[in-house]
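To start, the structure itself, in structure tokens.
What follows is calculated from the coordinates using simple rules that are stated; it is not laboratory data. This structure is a prediction, so every number in the text was calculated from the model and none was measured. Glycine gets a Cβ as well: all are built from the backbone with ideal geometry, and neighbour counts include every protein chain shown.
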Amino acid sequence: MEFKEVVKNRYSCKKYDSRKIEKEKLEAILEAGRLAPTAKNLQEQHIYVVESEEALAKIDKATPCRYGAPVVLVVAFDKNNVFTYPGGKRDSGVEDAAIVATHLMLAAYDEGIDSCWLNFFDPDKLAEDLDLPENEEILMILDLGYAAEGAGPLENHNSRKPLEETVSYI
Ligand SMILES: Cc1cc2nc3c(=O)[nH]c(=O)nc-3n(C[C@H](O)[C@H](O)[C@H](O)COP(=O)(O)O)c2cc1C
């Protein structure tokens, strides 16, 4: 698919049917995450493919926003392997994981798979429930699946500020 089509037509899907995601498609999505740039090429991300009934139940306990997705990706990063920027206020962890997550989300659409980025959950509680190692912090969850009949973008999908409001040439 044309990149422009991907970024224009992708939307946050909030209703999935029970169709499974083909293995090749899931692998293509994960590969796009693997190719994401990270600060100093640290690649501190860790992606958990959640597809067992047991693990999906843990997601449902953490958030009401799985919307029936048959697979979710939990994107985490290694807090002990981040690059601290000059000034010491910020480091690369959240930023790198967000780039990886964006690659995953856009690649999903390119593969014909719908998705929704989720942050409506307590990341520490979920990390504990999923038994993640102490050094890993969860950034986000990505629902993945095929949109159910009747699903579609919410009204606000096309409501974006004009460039003049968010871009300045200096
Ligand atoms: C950082 C982030 C967090 C989000 N968290 C949630 C969430 O927890 N639950 C949900 O249903 N949608 C969530 N969304 C989806 C947004 O509501 C949606 O992207 C936004 O309304 C724009 O809609 P669109 O993606 O269809 O253009 C999130 C999106 C982003 C970027």
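Compute log10 of I(q)/I(0) for the stretch 11-148 with the Debye formula, placing one identical point scatterer on every Cα and leaving out solvent, at q = 0.12, 0.22 Å⁻¹, to two decimals. With one equal scatterer per Cα and no solvent, log10 I(q)/I(0) is -0.45, -1.36. Residues of the chain were split at every exposed loop site, defined as GluC sites (Glu not before Pro) in a DSSP loop with at most 13 other C-beta atoms within 10 angstrom, and the longest piece left, sites excluded, is 23-133. Of the chymotrypsin sites (Phe, Trp or Tyr not before Pro) found in the stretch 78-170, those that fall in a DSSP loop while having at most 11 other beta-carbon atoms within 10 Å are Phe120, Tyr169. A cut-off of 5 Å between modelled amide H atoms, ignoring neighbours fewer than 5 places along the same chain, links Leu139 with Val75, Ala76, Phe77.
Multiplying the residue separation of Lys61 and Glu164 by 0.36 nm and removing their Cα-Cα distance gives an extension gain of 32.9 nm. Loop-resident trypsin sites (Lys or Arg not before Pro) (DSSP state other than H, G, I, E or B) in the stretch 86-170 with no more than 16 further Cβ atoms inside 10 Å of their Cβ: Lys89, Arg90, Arg160. 3J(HN,Hα) couplings calculated from phi for the stretch 18-30 with the Karplus curve 6.51 cos²θ - 1.76 cosθ + 1.60 (θ = phi - 60°) are, in sequence order, 8, 4, 6, 8, 4, 4, 5, 5, 4, 5, 5, 5, 5 Hz; Gly and Pro show x.
Filter the trypsin sites (Lys or Arg not before Pro) in the stretch 34-86 to those in DSSP coil with at most 10 other Cβ atoms within 10 Å of their Cβ, and list the result. Sparse-neighbourhood loop trypsin sites (Lys or Arg not before Pro): none present. Each of Val74, Val167 was scored by other Cβ atoms within 10 Å of its Cβ. Listed from fewest to most, they are Val167, Val74. Largest mean-square fluctuation among Leu126, Leu56, Leu35, in a Gaussian network model of the chain whose springs join Cα atoms under 10 Å apart, belongs to Leu35.
First measure r as the distance between the Cβ atoms of Asp91 and Asn119, then evaluate 1/(1 + (r/R0)^6) with R0 = 30 Å and state the FRET efficiency to the nearest 0.05. The calculated FRET efficiency here is 0.95.
The alpha-carbon of Lys89 sits under 22 angstrom from the alpha-carbons of these lysines, leaving out residues fewer than 8 places away in its chain: Lys40, Lys79.
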